[in-house]
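Just below is one structure, and these are the notes that go with it.
Just so it is clear, none of the values below were taken in a lab; they were calculated from the coordinates. From a predicted model like this one, the values you see are computed outputs, not experimental measurements. Glycine also receives a Cβ, built like all others from the backbone with ideal geometry; neighbour counts cover every protein chain displayed.
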Amino acid sequence: MDKVVVDGSIGEGGGQILRTAIALSSILMKPIKIVNIRAKRRNPGLQNQHITAVKAAAELTNAVVEGLYLKSTELVYIPQRLRPGKYSFDIGTAGSTTLVLQTIIPIMLLMPEEVEVEIRGGTDVPWSPPIDYLRNVILYHLNMLGAKVDVKLIRRGHYPRGGGIVTAKVLKTPVKLRPINLVSRGEVVRVKGISHCVKLPKHVAERQAKAAEEFLKNSGIKQPIEIDLEYYNPDKDPHLGPGSGIVLWSETDNGALLGSDALGAKGKSAEEVGTEAAKKLVSELSTKAALDTHMSDNIIIYLALANGKSEITGSSLTLHTYTVIEIVKTLTGAEVEVNGELNKPFKAVIKGISYTFPSNYKS
């Protein structure tokens, strides 16, 4: 079978292209060749997190891989057969565990039998979804699609030391993904969240939460705000740390759920962290869209595989979302109609290809 060539420089030109292409190649059993990997990044080519994502997908599909090394800008990936089972992957740095899961969860959903994975690395690191966003926002939407995924946080890992551990399991496979209609956001009924800190005094988590709550209330949020705190006795804290962060999400009467997040950093006050996350959430809600910026691009791959037509509205048509749509159209043939301009609210209609696990498949 000829390889489908995927240009890693299109759109946002980053790792999202690699992750989406590898996931779809694995599911559809389509050999691919990815060129110009992460061409638009300051440090182009594969980094440890990307290598782990490809290795994980290759393990699940018994794939033949060429060009899998640090800073490689070209990769051949030939999946051969699905391999259910238990796996453990170690990024070896503070590279994002959630971005590795972004690559392999779509594959895990469509396995003939159960797959369970453990991943070690970063759980709350820059430029990637925090683990609390994955567990409370992304998995919420996958559940709407009919996929029940259990992701457990065993230990947090922050930049630069990492050391985080997460496990993931799909509770029933294979999943036949159903389409969704998420056009109208509805009215906010409550805001929830998690504010955490590790290897730091507990007041850091408390101040993050307080600042977020104050900003939300001052912005006109009159609904209940419930932010859970997570902190540890510094003398008995098992994390490598230090680190902190906060994830917020709003629930609505229409079933829509929008999230935001912010991470602590050296020289950044806890108040700045909490306010940043709250400001992002207020901005997301102001668009009246049913999906936040990050969920908009995360959900596309699933809707392209779903059994029917989905309609969604997103708070911003980012280059990430645009890029995922182009890769999905190339590899699945799904029809995607988008109304909206870059970096503005948009509406999309996705006609899924009704992918089903081959009944005659032999492992």
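Relative contact order of the chain, please, whole-number percent, based on alpha carbon pairs below 8 angstrom and at least 6 residues apart.
About 14 percent, as a whole number.
Would you mind checking the pairs LYS71/LYS279; LYS169/LYS351; LYS288/LYS329 and listing those with alpha carbons more than 32 angstrom apart?
Correct reply: LYS71/LYS279.
I'd like the per residue volume of the convex hull spanned by the Cα atoms of the range 258-349, given in cubic angstrom.
In the range 258-349, the Cα convex hull volume per residue is 101 Å³.
If you take the square roots of the eigenvalues of the alpha-carbon gyration tensor of the range 140-248 and sort them as a ≥ b ≥ c, do you get rounded (a/c under 1.5), prolate (a/b over b/c) or oblate?
Taking the square roots of the gyration eigenvalues as a ≥ b ≥ c, the range 140-248 is oblate.
For the range 196-349, what does the relative contact order come out to in percent, with C-alpha contacts under 8 Å and a separation of six or more?
In percent, rounded to a whole number, it is 20.
Placing unit charges on C-beta atoms (Lys and Arg positive, Asp and Glu negative, everything else neutral), compute the dipole magnitude of the range 84-133 about its Cα centre in debye, rounded to 20.
With Lys and Arg at +1 and Asp and Glu at -1, about 140 debye.
Filter the chymotrypsin sites (Phe, Trp or Tyr not before Pro) in the range 113-197 down to the DSSP loop ones having no more than 16 other Cβ atoms within 10 Å, then list what survives.
Qualifying residues, ordered by number: TRP127.
Taking the Cα-to-Cβ direction at GLU187 and at ALA265 and moving 7 Å from each Cα, how far apart do the two end points lie in nm?
Label-label distance for GLU187 and ALA265, simple model: 3.9 nm.
For the range 276-283, in order, what is each residue's ³J(HN,Hα) by Karplus, 6.51 cos²θ - 1.76 cosθ + 1.60 with θ = phi - 60°, in whole Hz (x at glycine and Pro)?
Working through the residues one at a time gives 4, 5, 5, 4, 4, 5, 4, 5 Hz.
Assign unit charges at the C-beta atoms only (+1 for Lys and Arg, -1 for Asp and Glu), then state the dipole size of the range 186-286 relative to its Cα centre in Debye, rounded to the nearest 20.
In total the dipole reaches around 260 debye.
List the residues, sorted by chain then number, that are 5 or more residues from TYR87 or on another chain and whose placed amide H is less than 5 Å from its amide H.
Distant-sequence amide H within range of TYR87: GLU116, VAL117, GLU118.
Hey, fewest Cβ within 10 Å first, where do VAL137, VAL198 land in order?
By the 10 Å Cβ count, ascending, the order reads VAL137, VAL198.
Near VAL65, within a Cβ-to-Cβ distance under 14 Å, what is the net charge of the other residues, with Lys and Arg +1 and Asp and Glu -1?
Value of the local net charge: 0.
Given H placed on each backbone N at 1.01 Å, which residues far from GLY241 in sequence or on other chains put an amide H within less than 5 Å of it?
Amide H neighbours of GLY241: HIS158.
If you fit an axis through the alpha-carbon atoms of helix 319-332 and take the longest principal axis of the Cα set of the chain, what angle between them do you get, 0 to 90°, nearest 10?
The two axes meet at around 30 degrees.
Average the reciprocal distances over every distinct pair of alpha-carbons in the chain, invert the result, and give the Kirkwood radius in Å.
Hydrodynamic radius (Kirkwood, Cα pairs) of the chain is 20.6 Å.
Calculate how steeply helix 15-28 sits against the longest principal axis of the alpha-carbon atoms of the chain, using the helix alpha-carbon long axis, and give the answer as 0 to 90 degrees to the nearest 10.
With both axes taken from Cα atoms, the answer is about 50 degrees.
At 10 °C and 1.306 mPa s, grab the translational diffusion coefficient of the range 1-155 from Stokes-Einstein with a Kirkwood Rh over Cα pairs, rounded to a whole number in µm² per second.
After rounding, the answer is 102 µm²/s.
Nearest 10 degrees, 0 to 90: what angle lies between the long axis of helix 203-218 and the longest principal axis of the chain (Cα atoms)?
90
So what are the ³J(HN,Hα) numbers for the range 344-350, from phi and the Karplus equation (6.51, -1.76, 1.60; θ = phi - 60°), rounded to whole Hz, Gly and Pro as x?
Result, ordered by residue: 10, x, 8, 10, 9, 10, 10 Hz.
At q = 0.20 Å⁻¹, what is the base-10 log of I(q)/I(0) for the range 121-194 according to the Debye formula with one equal point scatterer per Cα and no solvent? Please give it to two decimals.
Values, matching the q order: -0.97.
Report Rg/Rh for the range 186-286, rounded to two decimals, where Rg is the Cα radius of gyration and Rh the Kirkwood radius.
Rg/Rh: 1.01.
Which ³J(HN,Hα) values, rounded to whole Hz and listed in residue order, are derived for the range 57-70 from phi using the Karplus coefficients 6.51, -1.76 and 1.60 in 6.51 cos²θ - 1.76 cosθ + 1.60 with θ = phi - 60°, glycine and proline given as x?
4, 5, 5, 5, 10, 6, 7, 8, 10, 10, x, 8, 8, 4
What does the charge count near SER316 come to, summing +1 for each Lys or Arg and -1 for each Asp or Glu among other residues with Cβ under 9 Å from its Cβ?
Net charge around SER316: -1.
In the neighborhood of LYS280, defined by Cβ-to-Cβ distances under 11 Å, what is the net charge if each Lys or Arg adds +1 and each Asp or Glu adds -1?
Here the charged neighbours net out to -3.
Report, by chain and number, residues whose modeled amide H sits under 5 Å from the one on GLU12, excluding near sequence neighbours (fewer than 5 apart, same chain).
HN-HN under 5 Å from GLU12: THR323.
Evaluate the relative contact order of the range 186-286 (contact order divided by residue number), counting alpha-carbon pairs under 8 angstrom at least 6 apart; express in whole percent.
38 percent.
Ranked from highest to lowest mean number of other Cβ atoms within 10 Å per residue, what is the order of the peptides 145-158, 215-228, 233-246?
145-158, 233-246, 215-228
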